[in-house]
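The values are calculated or read from the model by the stated rules, or taken from the named source; none is laboratory data. What you see is a predicted model, and the numbers here were worked out from it, not measured in a lab. For neighbour counting, all protein chains shown are included, and Cβ atoms are generated from backbone atoms with ideal geometry for every residue, glycine included.
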Amino acid sequence: MWPRLGMSHAHSATSVVIALTASASFGITPVSVLAQQQNVNVLIDASYEVPGKRFLDEMRNHLEPEARATVSFGTRIVPQSEIPSALREARWEMAILSTGALIETRTRSIAAAFEMPFVFTNTQSAIALQQSPVGRAALGTMSAQGMTGLVYLNAGVTLIAGRYAPSSPKDLEGRKVAVFSPAQLQTLQTFGSSPKLLQPVQTSRALETADVDSALISSANPNSWLLPKHRFLLANSVKTQVAVVVTRDASWDRIPFVYRAMVGDAAITASQQLDRALLDTEDLLFRQARSSNVSLVTFQADDAMRATLQWISKQPEARRDLYSSAIGKIKKVNLQTPPQPPVPRSGGQAGRIHFATTREDTGHKLLRYRFGDARTDTVKCGQIEFAPSNPSASSAALVGSVIADNGVCGTQMNAVLLSSKRMLLFVHGFNNRFAEAAERAMLLKNALGNETEVLLWSWPSKRDGKTGNYRYDKESVSGAAYQRLVRFLKAMRPGSESVPFDVLAHSMGGWQITGVLRSLADDNGRPVLTNVAFAAPDVPTDDFQFALDDMRRVTKRVTLYACEWDWALQLSQEINAYPRAGTGGPQTIVVSDKLESIDVEAQFLSTNHSYVFEAGKVLTDLTALVVNDSDAGGRGLRKKNKPPWHYWSFQ
């Protein structure tokens, strides 16, 4: 059973309901679809029941009004040992799974790191890993299990406090430590401690009578702190309380895009707000510790790592590889985190762009929900305007009507090309909703100036939460959208014969453009392209190299922007087990006499794979390439040898 309660009812021990409602403003979307109630069944790991329900409540507070009346959430609390069998059932759409439960499912991801002792010193360090390239990639690599991660959900860290400060994990041997769960008992036994399973109310008395000399506390629960009774607080966490909110692809995707997107947006906002509140509580813990003359102790990094490895060696053999893999990824993050990345630009600029897309048209009144992620075989096209007062995706609106006709859209955009001085076709990458891609297209328009028209080609990429579904996107980019782009570009041949026509392909959009250009190479109806630029292309390195001859038959110049610090390409390489053409660095950057390769170094990289839009020097260089049709040498780049050819870098 999936209990469903109205929000006016109190939570029961096993259920919570969020009732949401519907709105009727969906334009062309069939009324019968909108009238249907969308039921979302949520599995909650019993070990995460309280924070899980808190998250659902917070998420409801941030839902769009029209979603509140149409989508209802019913919950089922599942003991952690039963999670694997519950996930195999067909009757669930969303789940809140502790990292321990994910390990039960044998999901290989960075989630295993949060189960290990002495890895994190506070919740902020755990959040840093979640927001790192590896942490974000982990949410998108669950598709092999038929799931997609929406967000991480944090509930603090478990710390040791007591009378006598340990200088290393070895000092925990023989310590009598009050714990409040069997798992904590097992962890401390690994280090030779003598843990005692006590209720929180018993711990205070046990400390007074010296029945125990230390106790575990939760940074999220002030009632557990008992600071006046302690003389030290160990900052290295025994356990980091983390869950992942996931969706089951097969059933979640049956919910219309508009509602999925609204729930995903609300989930992101809710998790961020809960994180901020948690960090404030944790900060209070450390401030109170200092004011109470409690010493804050941190183990040396090498000592902490040896203790973590010792703990791994004591785990069941089937899980050791999961933990060891997570340790390897943590080391990779520590080694590869670039210093002081630039602050990403916020929002596009005021003005207009053109677009063409094969996404489903939902008919929604707001642009951010207008075009979904369902695949279609029909091109829709039109124009978008960004308001000067608030140049972001939320202020963008359609200008005029949307045309839904393959032939008419090709003809219309060719007319725009003929009437302009030059045009840039922008093909976005993985993990992009339509409105986000439009915002980036508007940013390009502002950089390139009024004399350059920007045309966004948007294929059906999927993103509900923080990270999309890589497997879905990989199929979308090479399916009907690929064939439609070939025909669309052929329709623009007349204009391209007299007006400079350039292409910028970002990330997985590079995969689509690589294939499209190869298909057009022997086609007499192909357009005449001036420049084709690939920014962080998610293309197998060898396929990219094989395609260069064909690409040069379609365009005068091919430019590659590549960087070795790139979270999306790390995700891609992990899934595909093959290097990507967008990975730079002196040893790995692709070079050829048919290609101008530009190595984007760490100081130009943003935290989200989009340096071509967010790093000033890279965007300025792209602008010079398109507006002035300048080669790399003419744009002031520095030439570096990589025999038998060379590449370029920024001064």
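The table below gives the values:
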read-out: Sole exception among (1) buried (at least 24 other Cβ atoms within 10 Å of the Cβ); (2) at negative phi for Q124, by number; value: (1)
read-out: Unmet requirement for E453, which otherwise passes all of (1) under 21 Å from T362 (Cα atoms); (2) surrounded by fewer than 24 Cβ atoms within 10 Å (Cβ to Cβ); value: (1)
read-out: Residues satisfying the stated conditions in region 249-268, i.e. under 21 Å from R88 (Cβ atoms) and either touching a residue at least 24 places away in the same chain (Cβ under 8 Å) or of a type in the set (V, I, T) (or both); value: D249, A250, S251, W252, I255
read-out: Filtered residue count, region 204-225, keeping only those that are more than 21 Å from V297 (Cα to Cα) and either in contact (Cβ under 8 Å) with a residue 40 or more places away in the chain or crowded, with 20+ Cβ neighbours inside 10 Å (or both); value: 0
read-out: A144, sole failed condition from (1) under 24 Å from L571 (Cα atoms); (2) buried (at least 24 other Cβ atoms within 10 Å of the Cβ); (3) among the aliphatic types (A, V, I, L, M); value: (2)
read-out: Complete set of residues in region 444-463 that are charged (D, E, K, R) and out of contact with any strand residue (DSSP E or B) (no Cβ under 6 Å at 6 or more places or on another chain); value: E451, R463
read-out: Pairs where the first residue, in region 499-526, is charged (D, E, K, R) and the second is surrounded by fewer than 24 Cβ atoms within 10 Å (Cβ to Cβ) and part of a helix (DSSP H, G or I), C-beta under 6 Å, 6+ apart; value: R518/A547; R518/D550; R526/L520; R526/V554
read-out: Within region 107-130, tally of residues that are of a type outside the set (D, E, K, R), touching a residue at least 12 places away in the same chain (Cβ under 8 Å) and out of contact with any strand residue (DSSP E or B) (no Cβ under 9 Å at 6 or more places or on another chain); value: 4
read-out: Every pair of residues 6+ apart whose Cβ atoms lie under 8 Å, when the first sits in region 573-593 and is within 21 Å of M508 (Cβ to Cβ) while the second is of a type in the set (G, A, S) and part of a loop (DSSP other than H, G, I, E, B); value: G582/S507; G582/A536; V590/A581
read-out: Residues satisfying the stated conditions in region 406-432, i.e. crowded, with 24+ Cβ neighbours inside 10 Å, modelled with pLDDT of 95 or more and assigned to a loop (DSSP other than H, G, I, E, B); value: H428
read-out: Close pairs from region 431-445: first within 25 Å of K474 (Cα to Cα), partner of a type in the set (G, A, S) and at pLDDT 95 or above, Cβ under 6 Å, at least 6 apart; value: N432/S461; F434/S458; A437/S458
read-out: Single residue of region 451-478 satisfying the filter (over 23 Å from the mean Cα position of the chain (by Cα) and not charged (D, E, K, R)) that is farthest from T623 (Cα to Cα); value: L455
read-out: Some residue of region 495-509 being assigned to a helix (DSSP H, G or I), over 30 Å from the mean Cα position of the chain (by Cα) and either modelled with pLDDT of 95 or more or not acidic (D, E) (or both); value: yes
read-out: Of residues in region 545-561 being assigned to a strand (DSSP E or B) and of a type in the set (D, E, K, R), the one farthest from the chain's Cα centre (by Cα); value: K556
read-out: Leading residue by the ranking (nearest to L504 (Cα to Cα)) among those in region 611-629 that are at pLDDT 95 or above and among the polar types (S, T, N, Q); value: T623
read-out: Failed condition for A90, given (1) under 17 Å from A270 (Cα atoms); (2) surrounded by fewer than 24 Cβ atoms within 10 Å (Cβ to Cβ); (3) not polar (S, T, N, Q); value: (1)
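Per-residue answers, yes or no, for (1) among the hydrophobic types (A, V, I, L, M, F, W, C); (2) closer than 25 Å to F286 by Cβ; (3) at pLDDT 95 or above; (4) touching a Cys at 6+ places or on another chain (Cβ under 6 Å):
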site: Q145; (1), (2), (3), (4): no, no, no, no
site: L159; (1), (2), (3), (4): yes, yes, yes, no
site: L227; (1), (2), (3), (4): yes, yes, no, no
site: R254; (1), (2), (3), (4): no, no, no, no
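Matching residues to (1) of a type in the set (K, R); (2) buried (at least 22 other Cβ atoms within 10 Å of the Cβ); (3) under 30 Å from L129 (Cα atoms):
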residue: P537; (1), (2), (3): no, yes, yes
residue: A568; (1), (2), (3): no, yes, yes
residue: R580; (1), (2), (3): yes, yes, yes
residue: D599; (1), (2), (3): no, yes, yes
residue: T620; (1), (2), (3): no, no, no
residue: G636; (1), (2), (3): no, no, no
residue: K639; (1), (2), (3): yes, no, no
residue: K642; (1), (2), (3): yes, no, no
